[in-house]
Amino acid sequence: MWVRSTMAYRASFALAVCGNAAITFLDFVAISIMFTHVDALGGFTLPETALLYGSASASLGLADLLLGSTDRVGARIRDGSLDTMLVRPVPVLAQVAADRFALRRVGRVVQGLAVLAWAAARLDVEWTAGKVLLLPVMVASGAAIFAAVLVAGAAFQFVAGDAAEVQNSFTYGGNTMLQYPPTVFAKELLRGVTFVVPLAFVNWLPALYVLGRPDPLGLPDWVAFASPAVAVALFVPASLAWRAGLRSYRSTGS
């Protein structure tokens, strides 16, 4: 319904998609400006950094397109409108994801994939079959990891009531961090986003393998292929937390 409503005004939709892509592209413009003053950032060239930027942006774009509406769970809990979703013969999470579905968010996905393609064409690496295959796996697995974080954040809103910004700190904040080389961050932070909230598996670890660079934490090469398993491992507790949140929901009481 929301897609049909959006496509009723095709020119407006096209402008919204272009605007969404242009706004997110400003992040890469800022990175490009930095490279007009330096040759490398943390030992990474512009194409190498673009690989990180494009993969992270495309992954978040896919997750945001499919589950970005989960940040409205807190508002629905407060006004009691979540009750209407509970009586429908459709999973509540699917209804929440489809709530005010914004197809214009595809602009971030297209923009991220465009930068990723540009970076892949400019990189001075020996492209093997494994590295070529790893690129789409990295984007898809990264999207699944961000999606798991979004579901976990939605579940947390059953407890906190309004925790959308906490959720955004891990999604949009994590995306901004992943756009830069891991070598510019302290090792304590790298350990946190590898072993606590494993955002490093979104693009850092796979990209390091593609670029032929060693991991700053000294992890073996095989962890570059662990992103799908990490995404599954994150989804299990996230889905359990979501189910627990739904079971604990008692409406507004008014």
- prompt: Which one of A120, A102, A94 is under 23 Å from V151 (Cα atoms), modelled with pLDDT of 90 or more and of a type outside the set (V, I, T)?
  reply: A94
message: Take the residues in the stretch 110-133 that are of a type outside the set (A, V, I, L, M) and within 28 Å of N20 (Cβ to Cβ); name whichever of them is farthest from the chain's Cα centre (by Cα).
response: R122
task: Pick out the one residue from T171, T183 that is polar (S, T, N, Q) and over 18 Å from the mean Cα position of the chain (by Cα).
output: T183
- prompt: Of all residues in the stretch 26-45, how many are out of contact with any Pro (no Cβ under 7 Å at 6 or more places or on another chain) and buried (at least 20 other Cβ atoms within 10 Å of the Cβ)?
  reply: 1
- prompt: Do the conditions hold for V159, that is, is it loosely packed, with under 15 Cβ neighbours inside 10 Å, in contact with a strand residue (DSSP E or B) (Cβ under 9 Å, 6 or more places away or on another chain) and either closer than 21 Å to A21 by Cβ or hydrophobic (A, V, I, L, M, F, W, C) (or both)?
  reply: no
task: Answer yes or no: is there a residue in the stretch 169-178 that is assigned to a helix (DSSP H, G or I) and closer than 16 Å to V96 by Cβ.
output: yes
task: Report whether or not T183 is over 28 Å from A75 (Cα atoms), modelled with pLDDT of 90 or more and either in contact with a strand residue (DSSP E or B) (Cβ under 9 Å, 6 or more places away or on another chain) or assigned to a helix (DSSP H, G or I) (or both).
output: yes
message: I need the full set of residues from the stretch 43-67 which are of a type in the set (G, A, S) and either modelled with pLDDT under 90 or under 12 Å from the mean Cα position of the chain (by Cα) (or both), in order please.
response: G54, S55, A56, S57, A58, S59, G61, A63
query: Taking the stated definitions as given, is A94 surrounded by 15 or more Cβ atoms within 10 Å (Cβ to Cβ), part of a helix (DSSP H, G or I) and under 21 Å from the mean Cα position of the chain (by Cα)?
result: no
- prompt: Which of the residues that make up the stretch 26-45 are out of contact with any helix residue (DSSP H, G or I) (no Cβ under 8 Å at 6 or more places or on another chain) and not charged (D, E, K, R)?
  reply: L26, V29, A30, I33, M34, T36, H37, V38, A40, T45
message: Quick check on the stretch 58-66. Is at least one of its residues surrounded by fewer than 22 Cβ atoms within 10 Å (Cβ to Cβ) and either free of Cβ contacts under 8 Å to residues at least 40 places away in the same chain or touching a strand residue (DSSP E or B) at 6+ places or on another chain (Cβ under 7 Å) (or both)?
response: no
message: Quick check on the stretch 186-218: of everything there that is part of a helix (DSSP H, G or I), under 18 Å from the mean Cα position of the chain (by Cα) and β-branched (V, I, T), which residue is farthest from A40 (Cα to Cα)?
response: V196
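The values are calculated or read from the model by the stated rules, or taken from the named source; none is laboratory data. Keep in mind that what you see is a predicted model, and the values were worked out from it rather than measured. A quick note on method: Cβ atoms are made from the backbone with ideal geometry, for glycine too, and the neighbour counts reach across all protein chains shown.
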